[in-house]
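Following: one structure in structure tokens, then a few remarks.
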Amino acid sequence: MKKRQKGRVNISTNRGSLRLSLPRRLFNGDQKYVYLGVSDSPENRNIAERLAAQIELDIVSGRFDFSFKKYQIIPTIARSAQTLESLYREYIEIRRSSVRPGTWRGNYLVMLRHIQRSPFANVDPNLETTGYAQNILDWASQTLSPDTCRRLMVQLNACLKWAIESSRVQVARSPFDGLAAKAKKRIKRSSEETDINPFTKSERDAIIENFRVNQNIHHYYYVTFCFYTGCRPSEAIGLTWNDVSWDLKKITFREAVVAAAGGKKRCIGLKTQVRRVFPCNEQVQSLLAEIKENRSVDYGPVLTSTTGGEFSTSYFRKVWQRVLSNLRIEYRKPYQTRHTFITLYLEVGVDVKDLAKWVGNSPEVIYRHYAGKKMGLIPPRI
């Protein structure tokens, strides 16, 4: 056994199964492990070494996942050389000669990129009983646009049917069968993105003040950040200090924490784009400075729970409901913080193209869903 190096992620075994020993400094001197659930073989050890290197990189960059969920993907890699990504690559290569180049680039390759950035690229497509297809639908419906989610389900279903017919997978039927119809039904539902009922500026300020004076400081940070940046809740929770410039003048949203079957997942990329740069005004800079001053570490998530773990939106919603009730403000979902930001900046005359860049929407979406919501709008005299 090599002598363990201080501060490194080391590979060891426990009853014949591989595990990763994490640096004690992350846990106030306590020893923690990531149990990989695979045997100690040369192939699995190579994979474990790559995962250890990824964890070390995450620690340095402030992206370490203290829930360990991000690092539990190795068992599915080790069990099968075939992955969902590799299977889909093979499928679209065969389809390439029979479709137009525009379809190839604008549909097949786009869907491949979505698969690659999802948490399911390395899933074993033979594992029909794990419910991974439903997990992918849950992820896609919260990460992609409704129509893109539906098209992804169509493509994956066609891929799996082809794989079954060509005996590339050993399942009786495609696990994606019927999911495109489910995705289509979700499109018809009133989504949080289009259910727009913003707060007034005075209501916003009253809510923020109530959270500051009467509620948990972490809830105050969260609700104020959402009101002041107009970001999606998933983007706020996914933000790390590595995404904030040293002078607190710029935020780069590049990851989101979304709900999925089996728990929350951290996903690379945003709902409508890979990343988005947000210029911080004095309000946001002051808030970030206060959060940073009250932190014991300068890495990891910007917005956390009381214990320093992942922020809980489920518990926050209970507090949110109580605050609105105490203030006698009509109840709206917390997502209205985003709609309030957009509407208030429209009211003061911010250019729609600039506003669209800040919040990650297109100018067309801003015009379609928000321009008519400007409170107190009166046709000018001409």
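Figures for the structure shown
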{"quantity": "Residue identified as part of a helix (DSSP H, G or I), among the small types (G, A, S) and touching a helix residue (DSSP H, G or I) at 6+ places or on another chain (Cβ under 7 Å) among A133, A121, A158", "calculated": "A133"}
{"quantity": "Single residue of S145, S166 found to be modelled with pLDDT under 90 and within 17 Å of V258 (Cβ to Cβ)", "calculated": "S145"}
{"quantity": "Region 281-297, subset under 19 Å from Q215 (Cα atoms) and modelled with pLDDT under 85, residue surrounded by the fewest Cβ atoms within 10 Å (Cβ to Cβ)", "calculated": "N294"}
{"quantity": "Members of region 307-350 that are more than 22 Å from the chain's Cα centre (by Cα), of a type in the set (S, T, N, Q) and either open to solvent by less than 60 Å² (accessible area, probe 1.4 Å) or within 23 Å of I237 (Cα to Cα) (or both)", "calculated": "Q321, T343"}
{"quantity": "Breaking point among (1) modelled with pLDDT under 85; (2) open to solvent by less than 40 Å² (accessible area, probe 1.4 Å), for L160", "calculated": "(1)"}
{"quantity": "Matching residues in region 85-113 - criterion: being of a type in the set (D, E, K, R) and touching a residue at least 60 places away in the same chain (Cβ under 8 Å)", "calculated": "E90"}
{"quantity": "Evaluation of L248 against (1) outside any helix (DSSP H, G or I); (2) in contact with a strand residue (DSSP E or B) (Cβ under 7 Å, 6 or more places away or on another chain) (one fails), failing number", "calculated": "(2)"}
{"quantity": "Condition met for G300 (under 16 Å from C226 (Cβ atoms), surrounded by 13 or more Cβ atoms within 10 Å (Cβ to Cβ) and modelled with pLDDT under 90)", "calculated": "no"}
{"quantity": "For R25: the one exception among (1) in contact with a Gly (Cβ under 8 Å, 6 or more places away or on another chain); (2) at pLDDT below 80", "calculated": "(2)"}
{"quantity": "Whichever residue in region 351-382 is surrounded by 14 or more Cβ atoms within 10 Å (Cβ to Cβ) and at pLDDT 85 or above and, among such residues, is farthest from R276 (Cα to Cα)", "calculated": "V352"}
{"quantity": "Filtered residues of region 258-275 (kept if open to solvent by less than 10 Å² (accessible area, probe 1.4 Å) and either part of a strand (DSSP E or B) or among the aliphatic types (A, V, I, L, M) (or both))", "calculated": "V258, C267, L270"}
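Yes or no, residue by residue, for (1) open to solvent by 50 Å² or more (accessible area, probe 1.4 Å); (2) in contact with a strand residue (DSSP E or B) (Cβ under 6 Å, 6 or more places away or on another chain); (3) at pLDDT 80 or above:
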site: K32; (1), (2), (3): yes, no, yes
site: D58; (1), (2), (3): no, no, yes
site: A78; (1), (2), (3): no, yes, no
site: S86; (1), (2), (3): no, no, yes
site: I92; (1), (2), (3): no, no, yes
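The values are calculated or read from the model by the stated rules, or taken from the named source; none is laboratory data. In this text the structure is predicted, and so the values were computed from the model without any measurement. Here the Cβ is made from the backbone with ideal geometry for all residues, glycine too, and neighbour counts use every protein chain on show. SASA here: full protein model, heavy atoms, side chains in, ligands and nucleic acids out. Shrake-Rupley method; radii C 1.70, N 1.55, O 1.52, S 1.80 Å.
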